[in-house]
Protein chains: 2
Amino acid sequence: MAQKIKLSTIADALGVSTATVSLALRDSPLVADATRDRIKEHARAIGYIYNRRAASLRTSRSGIVGVVVHDIMNPFFAEILRSIETELDRSRQTFLLSNHYDQLEKQRSFIDTLLQLGADGVIMSPAIGTPREDIQLMEDNGLPAVLVARSVEGAQVPVFRGDDSYGIGLATNHLISLGHRRIVMIGGTDQTSTGRHRYQGYVIAMQKAGLEVQPHWRIPGPRTKQAGFEVAGQFLALQDKPTAAVCWNDLVAIGLMNGIARAGLVPGTDISVTGYDDLEEAAIATPALTTVWNGQRDVGRRAARALLDRLNGIVVQPSQELIKPELHVRQSTGKPVERG
Amino acid sequence: MAQKIKLSTIADALGVSTATVSLALRDSPLVADATRDRIKEHARAIGYIYNRRAASLRTSRSGIVGVVVHDIMNPFFAEILRSIETELDRSRQTFLLSNHYDQLEKQRSFIDTLLQLGADGVIMSPAIGTPREDIQLMEDNGLPAVLVARSVEGAQVPVFRGDDSYGIGLATNHLISLGHRRIVMIGGTDQTSTGRHRYQGYVIAMQKAGLEVQPHWRIPGPRTKQAGFEVAGQFLALQDKPTAAVCWNDLVAIGLMNGIARAGLVPGTDISVTGYDDLEEAAIATPALTTVWNGQRDVGRRAARALLDRLNGIVVQPSQELIKPELHVRQSTGKPVERG
DNA sequence: CTGAAAGCGCTTACAG
DNA sequence: CTGAAAGCGCTTACAG
């Protein structure tokens, strides 16, 4: 890489100032058309590479937006990410992605990196236990934030998430209307707002139907296919032989169905199972999964737009935006079957 | 955010020079211990944020490593990414992730961004059709590259990938040894080196066993669960009723098994199916999937190390590093069963 | 419509 | 062990 090519290289070669080159490359109307064309053509010809660090140091805008989630490999976040990506691409923002794996330290170190790079904003699904001070720190340092999926008590920023209590209610009511009485909730944790909301939704639906809620009908924890699979034995061994399971998400539901099948029972027939999220995979599972569509695409799109608005100086009020979930009925639920 | 805090803010407050502050914050032995401690403590107390853009402009190292793959949501890449992440974290490099979805334009625009940000290096699984000039452009502009999963003809950079021809041979031979004669290969494309290598491996294994290879025994295309599911009908309708399918990857295999089950046949009994990659999911599929472990973790780890070596000035010879795959036999394969 | 000059916030020889 | 000064490559008033 012979000699580093910079604005002044072009300016010198064409006998103009760097100011003119800078303006020309950014299509400023201040530059005469002929001059602009000459400059752009020359820049292209010699392979000029714009130095964004220098520009960003000067303008204090970096064109970088950070996105932090629990785990990008989780298909639920994957769908949110895809719609965020689409939205940000449109505004030519580069997006910097990171997993925090629910470790506060990882999340903090990423936020630190964003601050150091002068990122323009951040979209995050906060790690379990994120204190509102961590959110405030970003805002105080000029890094506007928007939350998705989970909220942080007391944080003064917009939040976009599904209406979890309502959504799990849809699944629970569906099972109740099919005639199920002994319904277990599998997965999730009280440590997240989402976890608390979903469990509440289940409890409320059961109580409204006049059904008792047994403490041992909650198997907390599982959030992955693997975990759903592993918990099948424990579920099937419950004394009072529940006939249905409301699962934390589609991954847990699919894992559980695999575990049920492995135990010689037929999911959807012997045991009814519901998921949550309506991932692409839900429709092709065996049996096809009855689940709750969680509006991932909307969450991502609306969060990205809210952030872009903030970047463009539009004031976005801190608020909780609840996306309404929808029940999608498929073959994994049916009338209850009593097991010997 | 009152007044921007910078090195000189600290220098002024403590009556030292910015040079001393800069050195102290980076633990330079040139600074007296007492001075260093005083500076670091003050920096922490007033909430100083290091400006990496300024530093990077000066030093021309950014601490950023780009990672580009087809699709981060694909579990195959997910596992590679996780091991890259672990490796880079250790060297305190920030990693900038992007999907190219096999669109050359997306890939180019990301590479451009990396060049503009002054990234230190890049690890990529090149998009279909990537010309070697695109790789050369990065190298010429001081952005060292390392390839994973796919190679680019003629590119002078290190490549880490599985031995695809050998690996698919393991799966094919396994089916042949069970007694299968009519074996179909489903998925993949000749447009990628991986696709060509895997099909070759299948053909070679068939021929070595003295079996004829029928052109219609190849159903190219599918690479996702959804696509595997959809192609089941076409597969089951083949005139000569093949008894087994060698699939492009685990996703296709799992989708196909779901499709077979939906058609009323029992995968693993009526039809033998093999996958490729050995994703976590393979072990919990119903039936558990016989598949080829593709060394994702090794690929990621070794690629990251090679790049870090290059960043540290160690010369890494361009070479093709083939990771040896292993066959993992489970329940999705068995003796052939002739269908009416 | 174009140019000369200052400045973004660091780091790095160099001098003492 | 510490400081004064130059410079990384841009952009932005300002002047003409």
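The values are calculated or read from the model by the stated rules, or taken from the named source; none is laboratory data. What you see is a predicted model; the values in this text were computed from it and never measured. For neighbour counting, all protein chains shown are included, and Cβ atoms are generated from backbone atoms with ideal geometry for every residue, glycine included. Heavy atoms of the whole protein, side chains included, go into the accessibility calculation; ligands, DNA and RNA do not. Shrake-Rupley method; radii C 1.70, N 1.55, O 1.52, S 1.80 Å.
Of note:
- Residue within the range A:91-104 that is closer than 26 Å to residue B:118 by Cα, of a type in the set (Gly, Ala, Ser) and either within 12 Å of DNA strand C (Cβ to nearest atom) or within 12 Å of another protein chain (Cβ to nearest Cβ) (or both) present: yes
- Residue check, residue A:5 open to solvent by less than 50 Å² (accessible area, probe 1.4 Å), more than 11 Å from DNA strand C (Cβ to nearest atom) and either more than 23 Å from residue B:58 (Cα to Cα) or out of contact with any strand residue (DSSP E or B) (no Cβ under 8 Å at 6 or more places or on another chain) (or both): yes
- Entirely in the range B:223-332, the helices (runs of 4 or more DSSP H) that have 3 or more residues that are among the β-branched types (Val, Ile, Thr): B:250-262
- Members of the range A:233-257 found to be closer than 19 Å to residue A:337 by Cβ and at the interface with chain B (Cβ under 10 Å from one of its Cβ atoms), listed by number: A:257
- Selection within the range B:13-35: residues that are away from DNA strand C (no atom under 11 Å from the Cβ) and within 43 Å of the chain's Cα centre (by Cα). The member of this set that is farthest from the other protein chains (Cβ to nearest Cβ) is B:29.
- Qualifying positions in the range A:163-185 - under 21 Å from the mean Cα position of the chain (by Cα) and open to solvent by less than 10 Å² (accessible area, probe 1.4 Å): A:164, A:167, A:168
- Scanning the range A:40-56 for residues that are within 20 Å of residue A:91 (Cα to Cα) and within 7 Å of another protein chain (Cβ to nearest Cβ) yields A:50, A:51, A:52, A:53, A:56.
- All positions within the range B:89-110 that are assigned to a helix (DSSP H, G or I) and open to solvent by 10 Å² or more (accessible area, probe 1.4 Å): B:89, B:90, B:104, B:105, B:106, B:108, B:109, B:110
- So residue A:254, is it at pLDDT 95 or above and of a type in the set (A, V, I, L, M, F, W, C): yes
- First in the range B:106-121 and closer than 22 Å to residue B:84 by Cα, second anywhere and among the basic types (Lys, Arg) and part of a loop (DSSP other than H, G, I, E, B), Cβ under 8 Å, 6 or more apart: B:118/B:61; B:120/B:61
Yes/no matrix, rows are residues, columns are (1) assigned by TED's automatic domain parsing to the domain that holds residue B:95; (2) of a type in the set (Gly, Ala, Ser); (3) loosely packed, with under 15 Cβ neighbours inside 10 Å:
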residue: B:39; (1), (2), (3): no, no, no
residue: B:45; (1), (2), (3): no, yes, yes
residue: B:57; (1), (2), (3): no, no, no
residue: B:66; (1), (2), (3): yes, yes, no
residue: B:70; (1), (2), (3): yes, no, no
residue: B:74; (1), (2), (3): yes, no, no
residue: B:78; (1), (2), (3): yes, yes, no
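- Residue check, residue A:123 closer than 16 Å to residue A:70 by Cα and more than 14 Å from chain B (Cβ to nearest Cβ): yes
- Among the residues of the range A:36-71, those identified as free of Cβ contacts under 8 Å to residues at least 40 places away in the same chain and away from DNA strand C (no atom under 15 Å from the Cβ) are A:44, A:45, A:71.
- Members of the range B:224-283 that are open to solvent by 10 Å² or more (accessible area, probe 1.4 Å) and in contact with a Cys (Cβ under 9 Å, 6 or more places away or on another chain): B:254
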